[in-house]
Ligand code: 26V
């Protein structure tokens, strides 16, 4: 679909107001003046749905009628945040909506705040999946999502006395505005029981006995493309009692056992935990999704053409959670359609592709054979057969060790990453360094076996959301300087660099940042009571709480600054802002939260330091809060232990909003540095070889550093010497962690370099023009991380998709 014009308004304010009035009249029998925010929100959502329903239908028809290949992105998490403003933007209605509502004395932002976040994900992995949905539609590819409709999204984080508490996130309570229940597309998913193979006219066919049948009902959410008439589908499955089983589950408690399958999103991205419910969830959305894809294929192309399946279907395995796709498609083809094993296997490999999102060994999914075979007896047989053929195929070709190391079933466990790699034609990492580490370290055996399967796809972000929606004033400045083509092709943003010496533009940038900071200061005041100065450096670290992300290194820096200020050593004013959720079972991460909150209490209330340093830990970091924090950031903290952060994506969002990055050379930080040049980033710390040398030689002895560096010692000692009230045991835990011999995250090893980088930050901050220039370069080069471009590469290099073409009616 080509962009017909650069007109950003697809509707007039008058028409918009008329439609709003008639919606309110029809749904709530009230006028605009009488309507509550909730009612206006509902009316707007309904208008938006009217606005895309035709596009949604036409996209579906065009795709099947024109024989387009479709990609299905299987992900156990999707984290879209709110959808009202992004749908308005993509329809070309956003500016009109703001104006029309303002005419009526209403503020779109206030009304949009009614919408709960769709928080069906933990962090980067889920947010990436949602970004890809937006980009697939916006680039005009037929790409759909397949996931789970969790009744409760990621828990709500509350701080009580500085400790994280978790509350249920009942996001559906108000009714979801965007989903469509498609009962007629329901399928059945079988669990447990026994399987007997019986000879049916010469074909060994499974007979299922005594299994539990769960009905999978899809809820579809439209993924609307940007100004292009496309609307794809995010399909989320819900678990229900099968109609024929109603009598089997007469009591509420019995029904719950079935329906609870989709109740909660696992809030843990810190440790693999082989729980039965999680395995059920994984199989449920894998089986339901693949059944509906195969059914559709047969409807469109006929069973006799199943050999062509990979010509029309690509299935993407987002991390190992949907890795069972490999075995399930084999089951559907071999058992369901009596396809010869070898043919089915070629089809499966051609169809599947897999992304790895972490090298952390703790995250590797493995299922106990006992649990797996009981829950999924037939699938287990198929996994075993895949494994047997894999091993047999390599016999005599490679050493027995390699076979043992790479096979799927071993030591009573099923290795899901191995299943995903062996059953796919593509394996990708999410940033250049990460892919390199997969090839040379983590998956090197597989890389030797299948070098052609490996490829890199550096992550991207939805620039539309992070600039056009979250930072409208920056968007307007870009329009004013380089024209609005960048809204359609992010490459255009590079032209912004031409304004490097333009004083008026630099001044505007500063004013926009200041205004965003004033807004955030108000949010901070409202949420925490802490008063912060918008003229201070807003120093931001927002991401899940993990030892490897090293919020602890930032904490040590805060303690050092505090100690300096107490001693009369001056620093520029700084507000350190954290946003981070810890997995409920991750004890260390929760201790870090408590200590940061205790330090915040101490620092924010110490008159000696005259407000020169403030520490703010905002509760419940999520997409909506990110939209408020990120446009107001001056400094972006990307300080993971090098090699540990696969990519990172908050680094990209922050640079796009003009924050300067303090970065270890990890994940996509390296590519940010490539894009902006070393003068426009504060790079520091151990490089990958130094990190691996420490690991290989077990030569990291933090106590030596601590004893020999008095500045470091003083900051670390603050954790245990009573400086910080009310966190003695947590302070001790951090202290012990830092000093543990061969501590994995090498926090103290990077301390000195980090301080040096922060010194440079302070120096540049004294020169506001230079700061603004660096900021401008970062904004211009954020185009490199446009998820639309990432998706173009997935589409052409992995999925082999072509663009949907049809009359894109407005
Ligand atoms: C992280 C860790 C680290 C500590 C120990 C175990 C463990 C288990 C899982 C995870 C993360 C789960 C997968 C994930 O969310 N990965 C993130 O994916 C993002 C999108 O590709 C990427 O930007 C982040 O760097 C990566 O952590």
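The values are calculated or read from the model by the stated rules, or taken from the named source; none is laboratory data. Just so you know, these numbers come straight off a predicted model, no measurement behind them. Methodologically, a virtual Cβ is constructed for each residue, glycine included, from the backbone with ideal geometry; neighbour enumeration extends over all protein chains shown.
Select the helices (runs of 4 or more DSSP H) contained entirely in the stretch 458-577, then report the ones holding at least 3 residues which are at pLDDT below 95, touching a helix residue (DSSP H, G or I) at 6+ places or on another chain (Cβ under 7 Å) and away from the ligand (no atom under 16 Å from the Cβ). Give the steps one after another, and end with the answer.
Numbers: elements: 472-482, 503-528, 551-566.
Of the helices (runs of 4 or more DSSP H) lying wholly inside the stretch 458-577, none has at least 3 residues that are at pLDDT below 95, touching a helix residue (DSSP H, G or I) at 6+ places or on another chain (Cβ under 7 Å) and away from the ligand (no atom under 16 Å from the Cβ).
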Quiz item: All but one of (1) surrounded by 24 or more Cβ atoms within 10 Å (Cβ to Cβ); (2) over 22 Å from residue 583 (Cβ atoms); (3) within 14 Å of the ligand (Cβ to nearest atom) hold for residue 647; which doesn't?
Solution: (2)
Quiz item: So which residues in the stretch 80-113 are surrounded by fewer than 24 Cβ atoms within 10 Å (Cβ to Cβ) and within 16 Å of the ligand (Cβ to nearest atom), if there are any at all?
Solution: 81
Quiz item: Of the residues 666, 608, 634, 601, which single one is farther than 17 Å from residue 127 by Cβ and under 19 Å from the mean Cα position of the chain (by Cα)?
Solution: 666
Exercise. Scan the stretch 793-809 and give yes if some residue there is in contact with a helix residue (DSSP H, G or I) (Cβ under 6 Å, 6 or more places away or on another chain) and part of a helix (DSSP H, G or I), otherwise no.
Key: no
Quiz item: Only one of (1) modelled with pLDDT of 95 or more; (2) assigned by TED's automatic domain parsing to the domain that holds residue 229; (3) more than 23 Å from residue 268 (Cα to Cα) is not met by residue 43, so which one is it?
Solution: (2)
Quiz item: So is residue 378 more than 16 Å from the ligand (Cβ to nearest atom), part of a helix (DSSP H, G or I) and touching a residue at least 40 places away in the same chain (Cβ under 8 Å) or not?
Solution: yes
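Out of 542, 587, 575, which single residue is assigned by TED's automatic domain parsing to the domain that holds residue 714, surrounded by fewer than 22 Cβ atoms within 10 Å (Cβ to Cβ) and under 22 Å from residue 658 (Cα atoms)? Even if it seems obvious, please write down each step before you answer.
Numbers: 587 fails: under 22 Å from residue 658 (Cα atoms); 575 fails: surrounded by fewer than 22 Cβ atoms within 10 Å (Cβ to Cβ).
None of the other options fit; the residue is 542.
Quick one: in the stretch 671-681, which of the residues that are surrounded by fewer than 24 Cβ atoms within 10 Å (Cβ to Cβ) and closer than 24 Å to residue 745 by Cα is nearest to the ligand (Cβ to nearest atom)? Walk me through it before giving the result.
Our first condition is that a residue be surrounded by fewer than 24 Cβ atoms within 10 Å (Cβ to Cβ); within the stretch 671-681, this holds for 671, 673-680.
Of the ones still in play, those that are also closer than 24 Å to residue 745 by Cα are 671, 673.
Details: 671: 12, 673: 16 Å.
Applying the filter and picking the extreme gives 671.
Does any residue of the stretch 49-71 turn out to be under 30 Å from residue 645 (Cα atoms) and either more than 16 Å from the ligand (Cβ to nearest atom) or in contact with a helix residue (DSSP H, G or I) (Cβ under 8 Å, 6 or more places away or on another chain) (or both)? Give the derivation first.
If we filter the stretch 49-71 for residues that are under 30 Å from residue 645 (Cα atoms), which is where we start, we get 71.
Now restrict to residues that are either more than 16 Å from the ligand (Cβ to nearest atom) or in contact with a helix residue (DSSP H, G or I) (Cβ under 8 Å, 6 or more places away or on another chain) (or both): 71.
Among the residues of the stretch 49-71, at least one is under 30 Å from residue 645 (Cα atoms) and either more than 16 Å from the ligand (Cβ to nearest atom) or in contact with a helix residue (DSSP H, G or I) (Cβ under 8 Å, 6 or more places away or on another chain) (or both), which makes the answer yes.
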Quiz item: If you check residue 347 against the conditions, is it at pLDDT 95 or above and either farther than 30 Å from residue 649 by Cα or assigned to a helix (DSSP H, G or I) (or both)?
Solution: yes
Quiz item: Any residue in the stretch 270-286 that is free of Cβ contacts under 8 Å to residues at least 24 places away in the same chain and away from the ligand (no atom under 16 Å from the Cβ)?
Solution: yes
Quiz item: From the set of residues in the stretch 245-269 that are part of a helix (DSSP H, G or I) and touching a residue at least 24 places away in the same chain (Cβ under 8 Å), which is farthest from the ligand (Cβ to nearest atom)?
Solution: 245
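Would you check if residue 116 is closer than 23 Å to residue 627 by Cβ, within 16 Å of the ligand (Cβ to nearest atom) and outside any helix (DSSP H, G or I)? If you could, list the steps in order and put the result at the bottom.
Working: closer than 23 Å to residue 627 by Cβ: yes; within 16 Å of the ligand (Cβ to nearest atom): no; outside any helix (DSSP H, G or I): yes.
Considered against the rule, which asks whether it is closer than 23 Å to residue 627 by Cβ, within 16 Å of the ligand (Cβ to nearest atom) and outside any helix (DSSP H, G or I), residue 116 comes out as no.
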Self-check item: Verdict on residue 604 being over 23 Å from residue 720 (Cβ atoms) and either within 16 Å of the ligand (Cβ to nearest atom) or surrounded by fewer than 22 Cβ atoms within 10 Å (Cβ to Cβ) (or both)
Solution: no
Quiz item: Failed condition for residue 154, given (1) closer than 30 Å to residue 594 by Cβ; (2) surrounded by fewer than 24 Cβ atoms within 10 Å (Cβ to Cβ); (3) within 21 Å of the chain's Cα centre (by Cα), with all others met?
Solution: (2)
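Test residue 321 against the stated conditions and say whether it is under 26 Å from residue 456 (Cα atoms), within 16 Å of the ligand (Cβ to nearest atom) and under 30 Å from the mean Cα position of the chain (by Cα). It would help to see each step written out before you state the result.
Values: under 26 Å from residue 456 (Cα atoms): yes; within 16 Å of the ligand (Cβ to nearest atom): yes; under 30 Å from the mean Cα position of the chain (by Cα): yes.
The answer is yes for residue 321.
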Quiz item: Considering only the stretch 673-691, how many residues are touching a residue at least 60 places away in the same chain (Cβ under 8 Å) and in a helix (DSSP H, G or I)?
Solution: 5
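Would you confirm, using the coordinates I've provided, whether residue 696 is within 16 Å of the ligand (Cβ to nearest atom) and either surrounded by fewer than 24 Cβ atoms within 10 Å (Cβ to Cβ) or within 15 Å of residue 778 (Cα to Cα) (or both)?
Working: within 16 Å of the ligand (Cβ to nearest atom): no; either surrounded by fewer than 24 Cβ atoms within 10 Å (Cβ to Cβ) or within 15 Å of residue 778 (Cα to Cα) (or both): yes.
No.
Could you list, in sequence order, all residues of the stretch 429-447 that are more than 15 Å from the ligand (Cβ to nearest atom) and free of Cβ contacts under 8 Å to residues at least 24 places away in the same chain? Steps first, answer last, please.
Taking the stretch 429-447 first, the residues more than 15 Å from the ligand (Cβ to nearest atom) are 439-441, 443-447.
Selection gives 439, 440, 444, 447.
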Quiz item: Can you pull out the residues in the stretch 655-670 that are within 13 Å of the ligand (Cβ to nearest atom) and either assigned to a helix (DSSP H, G or I) or surrounded by fewer than 24 Cβ atoms within 10 Å (Cβ to Cβ) (or both)?
Solution: 669, 670
Exercise. Test residue 136 against the stated conditions and say whether it is buried (at least 24 other Cβ atoms within 10 Å of the Cβ), more than 14 Å from the ligand (Cβ to nearest atom) and assigned by TED's automatic domain parsing to the domain that holds residue 166.
Key: yes
